[in-house]
Amino acid sequence: MELSLELASRVKRASSGDLAELAALRVEQGWYGSEALLRAIHTWDHGRHFILRASALGDDAALDPATIIAATSAIMAGPVAVIGNVITRPGLRGRGLGHAVMSATLAWLRETGARSVLLDATSAGQPLYQKVGFVAQERSWIAHAPLASLDLDTLRKRTGATHVQLRAMDDLPVIAALDQAAFGGDRLELLRLVASASDCWLYTAGGAGEPDGYLLVRALEPPRTGVRIGPWVAKTAEVGAALLAAALHPDAPWLAEIASVGDPQVSDPPVSFSTSAASVEALSLFRAIGGTLELDDVVMRLDFDSDISSEPGPVNTTLRPVAEHPEWLYSWLAAMVF
């Protein structure tokens, strides 16, 4: 207990100078580095990265004292928060480092007024999350495919008469209410920061006034090519199909953009998104057009005002939704932030 308390007291907020090391840590886990996303979270007033350095272990660590040995990231958008990027360096696991950074992260979220906290848990991380109060809610999925393998004719047949337009990033405020209804909190400034730090394209569906859906396409960071779809929010299956059809059209501007880098994959770039099992329409649509779906991790949730048991057990379906219309959320910005 004394060691745990001592470690928790040494958890600090990361600085901008730590982001490259955090991105490298992500790559070591087999994830995308996502440095632009890490920077957007760091810049946002409601985002934080928490780190623990090797100096916390004293002479017990054969590492430079400044080396990051454990980390988390978190966003807080009103009542809903998300934790991601939970990493403990290999060789140092099982020593309470993950518990220390998670405790500090949850303390910050509680203090800032979050009601519910979500995360996408690997099988290795689930015991820790259960220990601090999270319960399993649903499975998560990764959807991916080379663009050329997707049946775009079938996709277009599902779009109906929905009108989709490519919008300037300055138009992001038009999707604010829609995104909040699907996600559960106001994260518009985070989306703006992500867009300003990456090559992004915004599509909206519907006529004048508030859109019926939107989709953000984000180019993957070098050296990889291709794009990530998400957030992808739609009020109906027809709207969801229309947005995806526009984003994957042969004349889509992101194709020209990644062609400019001269990568040999550019003739058949990969398309991917991540989402939860609750996004039935998105998963069904992508499967219908030839995409590959892979079970990934488990979405877990902690409610600060909940007395639901955190004992290991089956997926919990009794927690009240944190969003007004969670069924509208077809895909996440990223597993780190949903």
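Structure values in brief
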item: Residue in region 70-92 that is open to solvent by 50 Å² or more (accessible area, probe 1.4 Å) and farther than 21 Å from ASP186 by Cβ present; result: yes
item: Members of region 157-211 found to be outside any helix (DSSP H, G or I), of a type in the set (A, V, I, L, M, F, W, C) and surrounded by 16 or more Cβ atoms within 10 Å (Cβ to Cβ), listed by number; result: VAL164, CYS200, TRP201, LEU202, ALA205
item: Single match in ALA24, ALA62 (criterion: without any contact (Cβ under 8 Å) to a residue 12 or more places away in the chain, assigned to a loop (DSSP other than H, G, I, E, B) and not charged (D, E, K, R)); result: ALA62
item: Unique match (being at pLDDT below 95 and of a type in the set (Gly, Ala, Ser)) among SER116, SER123, SER149, SER140; result: SER123
item: Contacts under 6 angstrom Cβ, first residue in region 74-93 being under 14 Å from TRP108 (Cβ atoms), partner aromatic (Phe, Trp, Tyr), 6 or more apart; result: VAL82/PHE338
item: Residue in region 94-107 that is touching an Asp or Glu at 6+ places or on another chain (Cβ under 8 Å) and more than 25 Å from ASP186 (Cα to Cα) present; result: no
item: Residue list for region 27-40, filter: of a type outside the set (Gly, Ala, Ser), free of Cβ contacts under 8 Å to residues at least 12 places away in the same chain and part of a loop (DSSP other than H, G, I, E, B); result: TRP31
item: Matching option when the condition is buried (at least 16 other Cβ atoms within 10 Å of the Cβ) and more than 17 Å from ASP296 (Cβ to Cβ), among GLY133, GLY113; result: GLY133
item: Selection count, region 23-63, where residues are farther than 17 Å from ALA197 by Cα and hydrophobic (A, V, I, L, M, F, W, C); result: 13
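The values are calculated or read from the model by the stated rules, or taken from the named source; none is laboratory data. As the structure is a prediction and not an experimental result, all values here were calculated from the model. Neighbour counts run over all protein chains shown; Cβ positions are idealised from the backbone, glycine included. The protein model used for the area step is the full one, side chains on, heavy atoms only, and it has no ligands, DNA or RNA in it. Shrake-Rupley method; radii C 1.70, N 1.55, O 1.52, S 1.80 Å.
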